[in-house]
Each structure stands twice: as structure tokens, then as C-alpha cells.
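Encoded as C-alpha cells, the structure appears first; notes follow it.
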Amino acid sequence: MVDRQDIDAAAARIAPHVVRTPVMEVSGFGLPYAVEMKLEQVQHTGSFKARGAFNTLLSCDVPGAGLVAASGGNHGAAAAYAARALGHRAAIFVPEMAGPSKIALIERIGADLHVVPGEYANALQAAQAHEAETGAMQIHAYDSPATVAGQGTCLREWEDQGLVADTVLIAVGGGGLIAGALAWLRGARKVVAVEPETSCALNAALTAGEPVDVEVSGVAANALGARRIGRICFDLVREFDSPSVLVRDAAIIAAQRALWQERRQLVEPAGAAALAALMSGAYVPAPGERVAVLVCGGNIAPDPLG
């Protein structure tokens, strides 16, 4: 399990390599209250994922064969970026559903890129085969202690920046980001898990009482489309009794549009999912409850500037 000491160590380790991302308090979005936001879409490669990638590579000995990662796109870009920055080889496996924007981002970084038919689970199988064949080190997108500790630095940083919210809403795919948040906060604030109705591995696991495979689809599937929730996330969500809410694709698109129209924040659907829970009423704060939203990614497809 990951604890606060692990996250403190990760924060010190990755500090020279990651962006201290901005925060803001905003009103609008049709809501009768202000919302705190942290803008992780301005992190290296457009998402929070660089935190976990750098922490993993800086906390172990990377073999001569380099690293291998499977990803819906954002983790692959972050792993490739961290590998290049630290002088390691990187083989990145992504599914076709990652989309042209994220695939092009990884290509620009310069990794050995493999595009696999299917979804994230198919890319993971191919990456595991590459690991067995070459001896490369696997960087899991979400279900490893080093990844989770790295992602936990996001909430550690936010509190250092003056976070006052009682409740933080976080979009969930495989669960690395929310696991890091829970590992850092340890119940001091409520953490609400937000998933699309059509890609809801955590919600399905909570219903079943254990992680189960789910079908994935929808506008945010290339970032939130894990077929099975990570065990670390599942255990922490149960330990701290985090609420789980689902949002429709239409609500995600509406929140994505509102972030651009009202605040000129251009984010991918996954980055808007947590705000969608507030705008759609999937999560309704209690009177006086202060809320915050983690905007987790900005790799919109198609790339608006080509």
C-alpha cells in the first residue's frame, strides 16, 4: 500500500522534472457556488501522468532494454517523455482507440511506438509480451505503488497551494490518480470518483464487491477506458468509502464546452468528466460544502491546431 511518506519521497524525487500546475477558484458553469480547480492539463505531455512516470523511473534501476508501457495515450506520452528526459529507451503500446492526437504526441516525443488493434487491455497484453521477450521494465499506467505515489504528489501539491475544499472530484479510469489522492488525504477530505456511464470499472467493482472486467466505450474511453480497476485504487476507495458517481457522455461534452467557453481551458473529455458530475447533478454538494475539481488532461482530439 502507498502512504504519505511514499508521496513525500516521490515529491522530492520528481520536483526538478515536473510542472507545479496552477490552481484557480471559479464561478459560473450554471452552478450556484464557486469551484476550486487544479489544471493538470498544463503538466508535461498534457496530463498528470508525468508525475507517476518520473517517480517510477527515478526510484529504480532501469535495465538496458529500457522501459515498456501500455497506455490509452496519456500514460504512454508521459512514460516516453520521462524516458527521453532521463536517457532511457522506451517502447510504448497504445490501442487504435487512443486516437490520432495522442498517437502523434508520442511519435513527436520519439519513442518506439506500437499501435495495437482494440482497446487498452489489448495494448497491455502486447506490452507484457514485449516485456517477457526483451527484459524491458514495465511501467504500469495505474496499478503500481510507484505510479500511485507519483500521482499522489498532485494532491500534496494542491494542499500546499492552499486547497480549502471539503470535497474533491476526480475522474477515474484505471484509478492511479484517485488512489494517489486517497493515499495522501487519508480521509481528511471527501474524494468523489467520477466515471462515464460507458466506462465504469470502479463502479462495477464496487457493485460486485471485487474488481471485474467491464466493456468500455464513449467519448472518454481513450483516457478513462480501463477494462478492470486497479487493485490499489479499489482497496483505497473501499477503505475511505469514497462515493462513486456516473456521468453521461452528453454531460462530459457539455462540461468540456463550458470549460472552453467560460474559462478558455481546452481539455479532453476525461479532463472535463469531474466538472460534468457537478454540472449534470450527478453529484450535488450539501449546503455549505466546498468543492474542488481536478482537471486531469488536455490532449483533445482532433488537435485543434493540428
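Each reported figure results from applying straightforward, stated rules to the coordinates on display, with no laboratory input. Owing to the predicted nature of the structure, the values given are computational and were not obtained by experimental measurement. Note that we place each Cβ from the backbone using ideal geometry, even for glycine, and neighbour counts take in every protein chain shown.
Dipole magnitude for region 2-103: computed about the Cα centre from +1 point charges on Lys and Arg Cβ and -1 point charges on Asp and Glu Cβ, it is near 280 debye.
The amide H of Leu113, built 1.01 Å from its N in the peptide plane, has Ile92 as neighbours under 5 Å, considering only residues 5 or more places off or on other chains. May I ask for the net charge around Lys49, where only other residues with Cβ less than 12 Å from the Cβ of Lys49 are counted and Lys, Arg are +1 while Asp, Glu are -1? Every neighbour counted, the sum reads +1. Note on Lys190: lysines with a C-alpha under 21 Å away, same-chain residues under 8 apart excluded, are Lys38. Using alpha-carbon positions, what is the distance between the centroids of region 1-61 and region 243-276, in Å? Region 1-61 and region 243-276 have Cα centres separated by 19 Å. Counting only alpha carbon atoms, the long axis of helix 249-263 and the longest principal axis of the chain meet at about 80°. Computed from label points 7 Å out along Cα-Cβ, the spacing between Val42 and Val115 is 3.2 nm. The alpha carbon gyration tensor of region 87-179 gives principal lengths a ≥ b ≥ c with a/c of 1.5 or higher and a/b greater than b/c, which makes the shape prolate.
What the Cβ-Cβ distance of Thr207 and Ala15 gives, at R0 = 35 Å and to the nearest 0.05, is a FRET efficiency of 0.35. Take the Cβ atoms of Val164 and Arg248, set R0 to 30 Å, and the FRET efficiency comes out at 0.50.
Where both bridge residues fall in the chain, DSSP classifies roughly 20% of the beta bridges as antiparallel. Restricting the calculation to Cα atoms, region 49-138 shows an Rg/Rh of 0.93 when the hydrodynamic-style radius is the Kirkwood one.
The mean sequence separation of alpha-carbon pairs under 8 Å and at least six residues apart, normalised by the residue count of region 49-138, gives a relative contact order of 33 percent. Our summary of shape: the Cα atoms of the chain have principal axis extents of 56, 40, 39 Å, ordered from largest down, in whole angstrom.
With both bridge residues required to lie in region 49-138, what share of the DSSP beta bridges run antiparallel, to the nearest 5%? Bridges in region 49-138 that DSSP calls antiparallel: roughly 0 percent. Is region 150-244 rounded, prolate or oblate when judged by the Cα gyration tensor, a ≥ b ≥ c being the square roots of its eigenvalues, rounded requiring a/c under 1.5 and prolate requiring a/b larger than b/c? Verdict is prolate for region 150-244. Given +1 at the Cβ of Lys and Arg, -1 at the Cβ of Asp and Glu and no other charges, the dipole of the chain around its Cα centre is 540 debye to the nearest 20.
Listed by chain and number, the aspartates and glutamates placed with their C-alpha closer than 17 angstrom to that of Lys102 are Glu40, Asp112, Glu119, Glu268, Asp303; residues fewer than eight positions away on the same chain are left out. For the chain, the longest principal axis of the alpha carbon atoms and the long axis of helix 120-134 meet at an angle near 30°. The protection proxy used here, the mean number of other Cβ atoms lying within 10 Å of each residue, ranks peptides 265-277, 212-224, 115-127, 37-49 as follows, highest first: 265-277, 37-49, 212-224, 115-127. Note on Arg4 and Ala34: with the Förster distance fixed at 25 Å, the Cβ-Cβ geometry gives a FRET efficiency of about 0.30. Look at the alpha carbon pairs under 8 Å that are at least 6 residues apart: their mean separation over the length of the chain gives a relative contact order of 21 percent.
Counting 0.36 nm for each residue step from Arg108 to Met24 and taking away their Cα separation leaves a gain of 27.2 nm.
Helical content alone sets the calculated 222 nm signal of the chain at -13000 deg cm²/dmol, taking -39,500 (n - 2.57) per DSSP H segment of four or more residues and averaging over every residue.
Amide H contacts of Ala141 (H built 1.01 Å from N, in plane; Pro and chain starts excluded): Ala70 sit under 5 Å, all sequence-distant by 5 or more or on other chains.
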